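See below for the structure under consideration.
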Amino acid sequence: MANPWCFFWFVSKKPIIWQPWNTQIDFQNMNTFDPSDRRNFIKKASLGSFAALLGTDIVFALPKGYLPVALENDPQKLFGKHKDLIVRNNLPWNVEPPAHLLDDKITPADKMFIRNNGLVPENIDVAKWILTIKGEAIDQEKTYTLEELKTKFPRHTYHLVLECGGNGRSEFYPPTEGNQWELGAVSCAEWTGVRLKDILADVGIKSNAVYVGFHAADLHLSRDANKEAISRGIPIDKAREDETLVAFQMNGKDIPLVHGHPLRLIASGFPASVSGKWLTALSVRDRVHDGEKMAPPSYSIPCDPVEAGAEVANENMCIIEKMPVKSLITYPKSGAMIKENATLGIRGHAWTGESRITKTEYSIDFGATWKPCQLERGKNKYAWQGFEAKVDFPKKGYYEVWVKATDDSGMSQPMLTPGWNPKGYLNNACHRIAIKVT
Ligand SMILES: Nc1nc2c(c(=O)[nH]1)N[C@H]1C(S)=C(S)[C@@H](COP(=O)(O)O)O[C@H]1N2
Ligand SMILES: [Mo]
């Protein structure tokens, strides 16, 4: 007799597909878990079982370094990200939101881009976490536990923009290598921590200090423990700014694992690559830090402009410091339709690594005329500043709304993609959205 299950297989319309992504994990509330639960959660994931995420046991051990394929392309599942984030790469994880998801004043964790150079650290033991301060420009190495950092120094909270140096890379022509970021590799969260300058003062640094480099706990992609995934740094003046933090909280909670739990350097205004996640050590250097991805061509642009597509020798490249003036329209979503004679409210954020945005304007005629937007001041230096405007359209048809920000020194955003560079950094061209009036 034929196997009755075979018969069933043929008559049923479809095999039943098990969908692990239907199992809900409450990532947003992860920080309210009992701390031991949180540790267990991370440990479980790192042991390769991923059972909690899959909602069932994995019967045969996965090879080391493998993600269960059911979770492979799912930052929603792994990191609690919003379902509409775009995955640019999953080894390492590079994920960005579309512009309209960045509408919040303070970017919530689920809408924040992820930019990793290596692998998210495994087996984080918060109780044993140590920050070491070392380097040529101090007398004696010093260490702090998390508890010491939190109790010894005053706490500060700031709204701080983190923008990847390669944000907007996808618009460069000829194309440049790297994650093809569109507009979403930027965030503005509320970061809480202690000032790096307070720690440096406590350690005591020598007068020959010129740079502070970070070291972190993430593994190199090769899993070679002797290699660092990334170890960048900042000039000593930047390290001494009030807003440069060694942070342990984001948006009022422990920093999410993928954003640097339990400790992170935050130096807003520079490319976000200097804001080292999973911070384990800081080197106070008597020279420009020479860690992984610090030297040109990484995070560097030609010191003098070059022709698009040109090859540039490393010695003619300069390390990027301050990020340029920029803005993003976060409402409405590009492609919105409105009725004839209706007024459209637009809004978004503007920011700069230099000083302050003093003007935001919009145009619906490709820059022939500009009208002012209302602009907020922003909570502190390096916070993004909200803008909004009410836009009227003369008649039915297709329009583009363009927004342009200007800072207090008169620096503004170009309408065209600016200065081509071999690695595709610093595209601060105006953002534009499509509107159909019907
Ligand atoms: N330890 C460590 N820190 C890191 C990185 C990394 O790969 N490892 N990536 C850097 C880069 S290039 C960027 S743009 C930001 C991204 O921060 P986010 O993932 O929290 O948005 O973190 C920076 N800090
Ligand atoms: Mo980055």
Taking a ≥ b ≥ c as the square roots of the eigenvalues of the Cα gyration tensor, with a/c under 1.5 meaning rounded and otherwise prolate when a/b exceeds b/c and oblate if not, region 126-319 is prolate
Most mobile listed residue (GLY260, GLY378, GLY335) in the chain, GNM with C-alpha springs under 10 Å: GLY335
Restricting to aspartates and glutamates and to Cα separations under 19 Å from LYS371, and discarding same-chain partners fewer than 8 apart, the set is GLU361, GLU388, ASP392, GLU400, ASP407, ASP408
By its C-alpha gyration tensor, with a ≥ b ≥ c as the square roots of the eigenvalues, how is the chain shaped: rounded for a/c under 1.5, else prolate for a/b larger than b/c, else oblate? oblate
Need one word for region 263-413: rounded, prolate or oblate. Basis is the Cα gyration tensor (sqrt eigenvalues a ≥ b ≥ c); a/c below 1.5 gives rounded, then a/b vs b/c decides. prolate
Tell me the label-point distance for the pair SER207, LYS436, using the 7 Å Cα-to-Cβ offset, in nm and rounded to one decimal. 6.9
What number, rounded to the nearest 500 deg cm²/dmol, is the helix-based mean residue ellipticity at 222 nm of the chain, given -39500 (n - 2.57) per DSSP H run of at least four residues and division by all its residues? -2500 deg cm²/dmol
Neighbourhood net charge (15 Å Cβ-Cβ; Lys/Arg +1, Asp/Glu -1) for ALA434: +1
Quick check: Cα centre of region 331-388 to Cα centre of region 93-115, how many Å? 18
Give me the distance in nm between label points sitting 7 Å out from Cα along the Cα-to-Cβ direction at VAL69 and THR369, one decimal. 5.9
So the FRET efficiency between ASP242 and LYS105, C-beta based with R0 = 25 Å and rounded to 0.05, is 0.75
Can you figure out the FRET efficiency of ASN341 with ASN380, using R₀ = 51 Å and their beta-carbon distance, to the nearest 0.05? 0.80
So which aspartates and glutamates pass the test for LYS111, namely a Cα distance under 17 Å, with those fewer than 8 places away in the same chain ruled out? ASP26, ASP74, ASP84, GLU96, ASP103, GLU163, GLU182, GLU190, ASP254
Here are some pairs, LYS77/LYS227; LYS105/LYS253; LYS227/LYS293; which of them have Cα atoms lying more than 21 Å apart in this structure? LYS77/LYS227
For region 84-93, Karplus-derived ³J(HN,Hα) couplings (6.51, -1.76, 1.60; θ = phi - 60°; whole Hz; x for glycine and proline) come out as 8, 5, 9, 8, 8, 6, 10, 9, x, 5
Net charge over other residues, Cβ less than 10 angstrom from the Cβ of MET250 (K, R count +1; D, E count -1): 0
Please list, in order, the residues from region 270-307 whose amide nitrogen is less than 12 Å from a point placed 7 Å along the Cα→Cβ vector of GLU177. 297-298
Cα→Cβ-extended label distance, 7 Å offset, between ARG287 and LEU54, nm: 4.9
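Where a number appears in this text, it was derived from the coordinates with a stated rule and is not lab data. What you see is a predicted model; the values in this text were computed from it and never measured. Note that we place each Cβ from the backbone using ideal geometry, even for glycine, and neighbour counts take in every protein chain shown.
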